[in-house]
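The values are calculated or read from the model by the stated rules, or taken from the named source; none is laboratory data. Nothing here was measured: the structure is a model prediction, and the numbers come from that model. For neighbour counting, all protein chains shown are included, and Cβ atoms are generated from backbone atoms with ideal geometry for every residue, glycine included. Surface accessibility is based on the protein's heavy atoms, side chains included, excluding ligands, DNA and RNA. Shrake-Rupley method; radii C 1.70, N 1.55, O 1.52, S 1.80 Å.
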4 protein chains.
Amino acid sequence: MKVSIVGITGYSGLELVKILHQHPHVDIASIYAVKEVGGRLSDRYPYLLGVCDLTIESFDSQAIMAQSDLVIFATPSGVAKELAKDFVAADFPVLDISGDHRLSANTYAKWYKKEPASQDNLNKFTYSVAEWTDIKGKKFIANPGCYATATELALIPLIKAGVIDLDTIIVDAKSGLTGAGKALSESSHFVNVHDNYVTYKLNHHQHIPEIVEELKLFDSSLQHIQFSTSLLPVNRGIMATCYVTLKSVLSSDEIAKIYHACYADKPFVRLQQDLPELHNVIGSNFCDIGFAYNPVTNVLTVISVIDNLVKGAAGQAVQNLNLMMGWDETAGFLMTPSYL
Amino acid sequence: MKVSIVGITGYSGLELVKILHQHPHVDIASIYAVKEVGGRLSDRYPYLLGVCDLTIESFDSQAIMAQSDLVIFATPSGVAKELAKDFVAADFPVLDISGDHRLSANTYAKWYKKEPASQDNLNKFTYSVAEWTDIKGKKFIANPGCYATATELALIPLIKAGVIDLDTIIVDAKSGLTGAGKALSESSHFVNVHDNYVTYKLNHHQHIPEIVEELKLFDSSLQHIQFSTSLLPVNRGIMATCYVTLKSVLSSDEIAKIYHACYADKPFVRLQQDLPELHNVIGSNFCDIGFAYNPVTNVLTVISVIDNLVKGAAGQAVQNLNLMMGWDETAGFLMTPSYL
Amino acid sequence: MKVSIVGITGYSGLELVKILHQHPHVDIASIYAVKEVGGRLSDRYPYLLGVCDLTIESFDSQAIMAQSDLVIFATPSGVAKELAKDFVAADFPVLDISGDHRLSANTYAKWYKKEPASQDNLNKFTYSVAEWTDIKGKKFIANPGCYATATELALIPLIKAGVIDLDTIIVDAKSGLTGAGKALSESSHFVNVHDNYVTYKLNHHQHIPEIVEELKLFDSSLQHIQFSTSLLPVNRGIMATCYVTLKSVLSSDEIAKIYHACYADKPFVRLQQDLPELHNVIGSNFCDIGFAYNPVTNVLTVISVIDNLVKGAAGQAVQNLNLMMGWDETAGFLMTPSYL
Amino acid sequence: MKVSIVGITGYSGLELVKILHQHPHVDIASIYAVKEVGGRLSDRYPYLLGVCDLTIESFDSQAIMAQSDLVIFATPSGVAKELAKDFVAADFPVLDISGDHRLSANTYAKWYKKEPASQDNLNKFTYSVAEWTDIKGKKFIANPGCYATATELALIPLIKAGVIDLDTIIVDAKSGLTGAGKALSESSHFVNVHDNYVTYKLNHHQHIPEIVEELKLFDSSLQHIQFSTSLLPVNRGIMATCYVTLKSVLSSDEIAKIYHACYADKPFVRLQQDLPELHNVIGSNFCDIGFAYNPVTNVLTVISVIDNLVKGAAGQAVQNLNLMMGWDETAGFLMTPSYL
């Protein structure tokens, strides 16, 4: 199978190169960028010398449809909603890693402060947290956000089991800098990040509505979540620390059973005995989950960790691609985290 | 005034050297360690060459009382409760930075899993969050813990004002590695901390009881708090992210007024317009506080940041010393954070 | 082919698990440790859950020879020289990542300050920088040191070409902390490494003699090198900055030709146009080399970078294994650096 | 004494605020910026709330001369050469931290690729490494560069003593990111710096000519130095690792005597027994120097470390101010490094 990647020089695009380079069923046919057009990818990113020496081309939807079987958008928000139109019109498969096809038009406009894609086009896309969505044979996939992935995988089993008070959900999420993308800004300058810890977009993060939408699929009475995001001085990694109040006391075994029932046959979600840390998953497509219950406060703390560029972006995209095509879900994945 | 420091080679002891070196009213008379006895302090810590070349002596309570006017304990927990006995018996002033004299005997035994000081001695000590305790003329001071300082300064104004639902307090606190002390362990090895984020002692951190005790002074109906602690890959700094539910809606101005009423005349606590980050306070004795209210969830998020070695340990100790002696509260302090 | 690994819980042992997990011709038959014996590897290292759940066994040379076709030692120096004896006596293949079989007995004793292996056993081992040594069919391989690998790959082409003044070689080498191993010490405590840069073992590093020995193979008149090693506050990565004086002026093209002549057909060594940085190679088995000539001083600066745990240890070991067996040199390797 | 600062929002400008805030003889009269004009300094830099709440003004040379006794330029290169003209014309004291008044017009044009100040104006400025220049009563001071300061303090004593072969000097210098200034660029983006180590401007760094000029004052036969600069993933700190060949063998005591003869009475330069590390000096105006001689290669390695923002910029500027005015050289300085 041949795929084209649009937005190759972003962090997710570069991560796709790595995963697809070792994928048994996929070849990268052509690569596209908006600003960094021209020259070989490995001229601009010397770490890829001999790995991917394709030329970065200027976007051309007809050329892509002529050369490839599917296009992946790894672009910043606001780009795919325009560039994907030709493909949707031609019924050509699209996998969008950006946020452009995850929400309804109104919700997108409210949270992204941008003009949305048409509601018609949005209706054609399926939002797919890979462990919870059946997408075999689907043509248009909206890949979830990084914070959303970590949060949804942690909370869905509890909501599905009906064991928590839905009004009490508080998520304190933290991410490494790659989650904020490559744009140059004061907030991504090394000296402002290093030795620092900064909470941002409090109560306003654009992943909030997609989390709420997804969780509502499992209990429509859920109204909202309290959600904060902060920047860790690391390159990769997200931890979502979720605080929920139990409706009634549960033992650790009972809680573990709830998670095992959901994930025992899912190769990329692991329930850990100890609280998971970022090192567990960096460089891999795993989502690790752990928990601790406090009988004094009746609060259950659930912690999930992912690599935001893998399970939180390019990795889940390839996992979704595997599922669309009916391949082995783990095809193309190096299963061992880099650890250090 | 002359002071002696016991536990000079710990992070808090070394930080005391820095602050007292520039204090207009205090000289360090003698310094003591348990393991690293002998030789000049600057032989072991070359950054102090020419700054503090005193010899590290073996602990001797009689010598200290002969040479000094006050002794500061900057020792790990379990040490001061023994070594302070002679001074208490002699009614000689003691400032204990460790956790040994903060809790009742029973509570200490439960949370520290160690034999407590005698309840008689414990009764003589005053636990002093410097902004909230009148200690002028007192002789025995228990300096608060680092997490406790950040949390109490953030929450006391709200509890005192009676505006929050006391059952809903959730604190997600994070600290740099100096908070864990100098002991060598897997969890302090560079490669296990760098590029990582680890939650530890969840529901079991020994600062929980001192926070609950202090908060109860402002509303005795408070029963417990949900409190988590994690390690940031930085040397210094604590952020306490506090989530509380308001009893009734308050405007940002009304919330700001609650804090200003408490801290407007306190030189080391600053209410910031934006959410504070670690860089605000590192290298200084400031505690910076900021907040944001979410009308959707009715949750108020309050964030406080301190340098754990300064306001969270040695700095607050000197502030408490200033207050004991009736001096200017800011004597000895460099007021500008190092920022970067 | 089945291999056993001794020293599985060290950084090199754990890295071997990752590489061999994806190797098409190799299975890990059994794993051994000295201190951390018992339990599954993934109990102690949760990131390996589902990846390697083998039990950590106590060392037993007979069991290894019964189960496996080759043993890899990933032990600290001083261990393999003892434990390898049985295998050498039985003519059973050994790949030693440690420094125990790289030097003559006298040189080892002088630089490692330890009792050496017998000279008889040492004579059976071949020191193999994979790009420069023909080991097909050999049974006993000494894998080079990490600093040595980076330095030798940078300097051999120039020495072989006879273009530099051999008296002028100065190497300023820097490494991340994993190069120093897992031992707990003041120098590996997070707060002493973070925000710091420390030069250590100046003029005394134990990799100096193996570098000099290897370089002498290409010009026996070389007597010594000036070599310094420092710790970078990162987990992985070595940069060797080599300063040499040219015998006569060479153009950049002429210098590039010297390197291309040596490495054009070597899959893991890349000559880069720009000076290489650590990100080029982290997570991969590449050694990237770049250079700049200064006509004012007649000094050529050559910079080489490797991932110390991959090309500098476990990766080169697997590359050597591939070469011993006559397999494709790149078998088992993920070719794309992790980059970020 | 009243001073005005131009370029207040750069790292050196902000560091000046910190030092001058505690200076017994100096008040900051007014502050200026080019881009970030308007509003209080503490609105843009909340860590300064209550410390420096002055308004950032638009540059006005007449206003400065009316309000102040001296102006300090903490601007990027290319600014002070224009803005300082009025002050020079009026014989009003100027302290320039930037590189604009350090070199002759021709040399500046060659290395900075910018139009130089007039040679007439340049002739009025004195380049002052504080330990080596008599500037009492002088009006126009060019403060040295950060790399230059570390390198010159390390090498001058050896050159003055005539003990090294001047053709052999190789300096491998490393700096934290604040040395590169606040400008946003790919090379200052967090993810490109973190976990990386990058050599830049090899053979082209603009501090090379000022180092050569200064060293020539002590031996005019010196022609050049080999000088490299790299970026460490830290905020602050420079280490200059200097390799020199001795003319004849010297004992460690003899080398130490050479340094003591130069620096025994200099409060900010310390000869350390062990090789100095960044932690020795961060947050202070110290330059620490250490060395090791290798009899095998006859190479002496001298290592000097400074905080690039203090001794390498704002700190040395205040030290120079103290010397200009005939005050105690240490006035205004916190003498204890922050260490961690």
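Going through (1) out of contact with any Leu (no Cβ under 9 Å at 6 or more places or on another chain); (2) farther than 20 Å from B:L300 by Cα one by one, A:L177 falls short only on (1). Mind listing whichever residues of region B:120-146 are on the phi < 0 side of the Ramachandran plot, open to solvent by 10 Å² or more (accessible area, probe 1.4 Å) and not in a helix (DSSP H, G or I)? Passing the criteria: B:F125, B:T126, B:Y127, B:T133, B:D134, B:K136, B:K138, B:K139, B:F140. Screening the candidates C:I258, C:I289, C:I238 for the property of being open to solvent by 10 Å² or more (accessible area, probe 1.4 Å), modelled with pLDDT of 95 or more and of a type in the set (V, I, T) yields one hit, C:I258. Taking region A:215-228 as the range and being away from chain B (no Cβ under 11 Å) and in contact with a Leu (Cβ under 9 Å, 6 or more places away or on another chain) as the test, the residues that pass are A:L215, A:K216, A:F218, A:D219, A:S221, A:L222. For region C:278-319, residues that are among the hydrophobic types (A, V, I, L, M, F, W, C), facing chain D (nearest Cβ under 9 Å) and within 27 Å of C:S12 (Cβ to Cβ) total 4. Taking the conditions (1) away from chain D (no Cβ under 14 Å); (2) within 30 Å of A:L20 (Cβ to Cβ); (3) touching a strand residue (DSSP E or B) at 6+ places or on another chain (Cβ under 9 Å) in turn, A:P267 satisfies each one other than (3). So, of the residues in region A:206-224 that are under 21 Å from B:Y243 (Cα atoms) and polar (S, T, N, Q), which turns out to be surrounded by the fewest Cβ atoms within 10 Å (Cβ to Cβ)? Out of the qualifying residues, it is A:Q223.
Here C:M325 meets the list (1) of a type in the set (A, V, I, L, M); (2) within 16 Å of the chain's Cα centre (by Cα); (3) open to solvent by 10 Å² or more (accessible area, probe 1.4 Å) almost entirely, failing just condition (2).
Here's the yes/no breakdown for (1) over 20 Å from A:H189 (Cβ atoms); (2) open to solvent by 10 Å² or more (accessible area, probe 1.4 Å); (3) away from chain B (no Cβ under 14 Å):
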| residue | (1), (2), (3) |
| --- | --- |
| D:L16 | yes, no, no |
| D:S30 | yes, no, yes |
| D:Y47 | no, no, no |
| D:I56 | no, no, yes |
| D:A66 | yes, yes, yes |
| D:G78 | yes, yes, yes |
| D:V88 | yes, no, yes |
| D:G99 | yes, no, yes |
| D:S104 | yes, yes, yes |
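Does B:E213 fit the bill of being over 24 Å from A:F291 (Cα atoms) and not aliphatic (A, V, I, L, M)? Answer is yes for this residue. Here A:F227 fulfils each of the conditions (1) closer than 17 Å to B:T301 by Cα; (2) surrounded by 23 or more Cβ atoms within 10 Å (Cβ to Cβ); (3) in contact with a Lys or Arg (Cβ under 8 Å, 6 or more places away or on another chain) apart from (3). For C:V37, state whether it is more than 14 Å from every other protein chain (Cβ to nearest Cβ) and either open to solvent by less than 30 Å² (accessible area, probe 1.4 Å) or touching a helix residue (DSSP H, G or I) at 6+ places or on another chain (Cβ under 6 Å) (or both). When the stated conditions are applied, C:V37 does not pass them.
Where strands (runs of 3 or more DSSP E) sit wholly within region A:227-340, those with at least 1 residues that are of a type outside the set (A, V, I, L, M, F, W, C) and in contact (Cβ under 8 Å) with a residue 60 or more places away in the chain occupy A:238-245, A:299-306. Checked against the criterion of being within 7 Å of another protein chain (Cβ to nearest Cβ), under 30 Å from D:Y11 (Cα atoms) and either open to solvent by less than 30 Å² (accessible area, probe 1.4 Å) or hydrophobic (A, V, I, L, M, F, W, C) (or both), the candidates A:L202, A:L275 yield just one match: A:L202. Residues that are facing chain B (nearest Cβ under 10 Å), free of Cβ contacts under 8 Å to residues at least 60 places away in the same chain and open to solvent by less than 30 Å² (accessible area, probe 1.4 Å) within region C:147-191 comprise C:L177, C:S188, C:H189, C:F190, C:V191, listed in sequence order.
Of the residues in region A:100-108, at least one is in contact (Cβ under 8 Å) with a residue 60 or more places away in the chain and hydroxyl-bearing (S, T, Y). Residues of region B:1-14 that are open to solvent by 10 Å² or more (accessible area, probe 1.4 Å) and more than 22 Å from B:L184 (Cβ to Cβ): B:M1, B:K2.
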